[in-house]
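The values are calculated or read from the model by the stated rules, or taken from the named source; none is laboratory data. A quick note: this is a predicted structure, and the numbers were derived from the prediction, not measured. So basically every Cβ, Gly included, is an ideal-geometry build from the backbone, and we count neighbours across all protein chains shown.
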Amino acid sequence: MARSRSSTSGPWRYLNPAYYLKRPKRLALLFVVFVVGTFAFWDRQSLVREYESEMTKLADEVNRLQDQLRNVEGKPVKQSTIQQQYYTSDKMMSRDAVEIDSLSKERREKVKEAMRHAWNSYVTYAWGQDELQPQTKNGVNSFGGLGATLIDSLDTLYIMGLEDEFRKARDWVANSLDFNKDYEASVFETTIRVVGGLLSAYDLSGDKIFLDKAKDIADRLLPAWDTSSGIPFNRINLMHGRAHNQGWTNGDSILADSGTEELEFIALSQRTGDPKYQEKVENSMKQFKKILPSDGLLPIYINPHSGTASYSTITFGAMGDSFYEYLLKAWIQGNKTDTVKHYRQMWETSMEGLLTLVRRTTPSSFTYICEKTGESLHDKMDELACFVPGMLALGSTGYGPEKSKQILTLAEELAKTCYNFYESTPTKLAGENYYFHSGQDLSVGTSWNILRPETVESLMYLWRFTGDKRYQEWGWNIFQAFEKNSRIESGYVGLRDVNTGDKDNMMQSFFLAETLKYLYLLFSPPSLISFDEWVFNTEAHPIKIVTRQSGTDSKLSSNPVVRPFGRKQGKIGS
Ligand code: DMJ
């Protein structure tokens, strides 16, 4: 008689508990296999985790030792090989491997979601145009139609691991980006957003299309430097190459507009092997060095023909700010060698000048930076000047211990003031500038908020340099205020008035380039875009540090191209 097919016959019998109850030896064997298997799996997982955390610890240790060495020798040292490997391996962006606490993880996911919302809104309503007007759901070409938001967003998408979005943007750059526009572009805005954004995308991804495009636009900007002093004009026609200054400056060039191109143009020379970009910006820097007063503070208007300063205001806010930022960062970009030490010296001179502008409010003793015209100080500070705490923290490490402490303390005090610019308004978003009247601490002047990044930028630096979680809390509060007041169904808008919450109709490209990127980094491990290997341009585009030495600098044209990464293109994620 044929045996009936049941669960006790064939391969199914092994699943029947009764089978094992009758065969205790097999049950024991099964148990042993299960235990050994589980142990092997668990052991492998914990080995991987241990390996990753050991790598992080080793990287930190190497950095610490390098710092010590730097202090002992007073010299820059080579990049950490371990850090280098971490970033150059194909697993470069699997950085979640580095532990961050679960709260930070949760918060940075929220920031990433905000980026997704801003980006998708731009894609839906303003694709390929410069900026999105979220209320009216249309794009505007505020920079000549160069896809400013798209280019400004490339590296943020990459760092956050928004792979599909990055690839789509990359294809637009490859197939549709056209710089041949009959448009009077701002040399400064085009450099920091477009050249900077493209170079950063190149340094991160290794995709040559970004470098080719950066070269194309930089070539169109270059004639702006053809002045008798070497200090550039601030506007140029992208199609015809005619450069000029706008009427309202009386023919003068603006300090920040003329002295915030070093990072991008030096990086371009390093990566293309063509020295002409670096030569232009370093030539104008020579002129700035010549006219730098003993307190290192230059007024905001400079005559491009004579190369001298016109009588005007000194400020770390609008029109002055990033000139000082780039003195420090050009030194860091060159890896702090003798070839670039004059940048550091100029920066230190300017910081002595800055100290003379520092005052405290009454009654609460908030520290702020005054503006100055002639010999008169004005008790006014722009939110734009809130990049200073971050810059001071970044520069503090180059001083001896005592001075370093003084500078870092000042950075912390100023960051507190900047945070209070936010905390003190009904919407918890900062106004554009503040006045400090005796007995009244701070009061908002121009009351709009256009999604600016400077305060969260400084919080990110301070958190990295001090490890104080208070800066993460402050950043989180600011992020929540943006979510509450600025987020609408079709993007993010600024406020016309931080007192009433009345909304404007513009999603500035720097919100995606800077504000959201710095917030994301505030909740990420410091090894993500580490300060040992990267320097942020003034639009928050990370540029790879490449050591500069006089010999290699002068041979740039015959040198092979400096490729920041040896790794394969295309692996992205966070
Ligand atoms: C950005 O374009 C840059 O950060 C620039 O240096 C200053 N202004 C905006 C952000 O506020």
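A few notes on this one:
- Selection within region 246-263: residues that are in a loop (DSSP other than H, G, I, E, B) and surrounded by 22 or more Cβ atoms within 10 Å (Cβ to Cβ). The member of this set that is farthest from the chain's Cα centre (by Cα) is Asp252.
- Among the residues of region 417-446, the ones that are buried (at least 17 other Cβ atoms within 10 Å of the Cβ) and either within 16 Å of the ligand (Cβ to nearest atom) or over 25 Å from Arg487 (Cβ atoms) (or both) come to 13 in all.
Residue by residue, here is whether (1) touching a helix residue (DSSP H, G or I) at 6+ places or on another chain (Cβ under 8 Å); (2) more than 29 Å from Gln287 (Cβ to Cβ); (3) touching a residue at least 40 places away in the same chain (Cβ under 8 Å) holds:
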residue: Ala174; (1), (2), (3): yes, yes, no
residue: Thr190; (1), (2), (3): yes, no, yes
residue: Ser205; (1), (2), (3): yes, yes, yes
residue: Pro223; (1), (2), (3): no, no, no
residue: Gly247; (1), (2), (3): no, no, no
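- Every listed requirement among (1) in contact (Cβ under 8 Å) with a residue 12 or more places away in the chain; (2) under 26 Å from Ala540 (Cα atoms); (3) touching a helix residue (DSSP H, G or I) at 6+ places or on another chain (Cβ under 9 Å) is met by Lys341 save one, (1).
- Of all the criteria given as (1) more than 13 Å from the ligand (Cβ to nearest atom); (2) buried (at least 20 other Cβ atoms within 10 Å of the Cβ); (3) under 17 Å from Ser424 (Cβ atoms), the one not satisfied by Phe479 is (3).
- Matching residues in region 254-284 - criterion: being farther than 12 Å from Gln333 by Cβ and within 16 Å of the ligand (Cβ to nearest atom): Ile254, Leu255, Ala256, Asp257, Ser258, Gly259, Thr260, Glu261
- Every residue from region 502-539 that is within 16 Å of the ligand (Cβ to nearest atom), part of a loop (DSSP other than H, G, I, E, B) and either modelled with pLDDT under 95 or not charged (D, E, K, R) (or both): Met506, Gln508, Asn537, Thr538
- Exclusive hit being touching a residue at least 12 places away in the same chain (Cβ under 8 Å), farther than 21 Å from Glu264 by Cα, in contact with a Pro (Cβ under 6 Å, 6 or more places away or on another chain) and away from the ligand (no atom under 16 Å from the Cβ), set Ser294, Ser312: Ser312
Here is a yes/no grid of residues against (1) under 25 Å from Ile545 (Cα atoms); (2) surrounded by fewer than 24 Cβ atoms within 10 Å (Cβ to Cβ):
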| position | (1), (2) |
| --- | --- |
| Leu150 | yes, no |
| Ile159 | yes, no |
| Val173 | yes, yes |
| Phe179 | no, yes |
| Ser186 | no, yes |
| Ile192 | yes, no |
| Gly196 | yes, no |
| Ala201 | yes, no |
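- Residue pairs whose Cβ atoms lie under 9 Å apart, sitting 6 or more positions apart in sequence or on different chains, and linking a residue in region 354-371 that is within 13 Å of Cys386 (Cα to Cα) and touching a residue at least 40 places away in the same chain (Cβ under 8 Å) to a partner that is part of a loop (DSSP other than H, G, I, E, B) and hydroxyl-bearing (Ser, Thr, Tyr), are Thr367/Thr361; Tyr368/Thr361; Ile369/Thr315.
- Of the residues making up region 225-245, those that are in contact with a Ser or Thr (Cβ under 9 Å, 6 or more places away or on another chain) and more than 12 Å from Thr190 (Cα to Cα) number 10.
- Considered as a group, the residues in region 482-501 that are part of a helix (DSSP H, G or I) and more than 16 Å from the ligand (Cβ to nearest atom) include one that is nearest to Lys405 (Cα to Cα), and that residue is Glu483.
- Residues that are over 16 Å from Ser294 (Cα atoms) and surrounded by fewer than 20 Cβ atoms within 10 Å (Cβ to Cβ), drawn from region 320-360: Thr337, Asp338, Thr339, Lys341, Val358, Arg359, Arg360
- Per-region count, region 499-557, residues in contact with a Leu (Cβ under 8 Å, 6 or more places away or on another chain) and of a type in the set (Gly, Ala, Ser): 1
- Region 410-439: number of residues that are touching a residue at least 24 places away in the same chain (Cβ under 8 Å) and assigned to a loop (DSSP other than H, G, I, E, B): 11
- Residues within region 448-472 that are in a loop (DSSP other than H, G, I, E, B) and within 16 Å of the ligand (Cβ to nearest atom), tallied: 5
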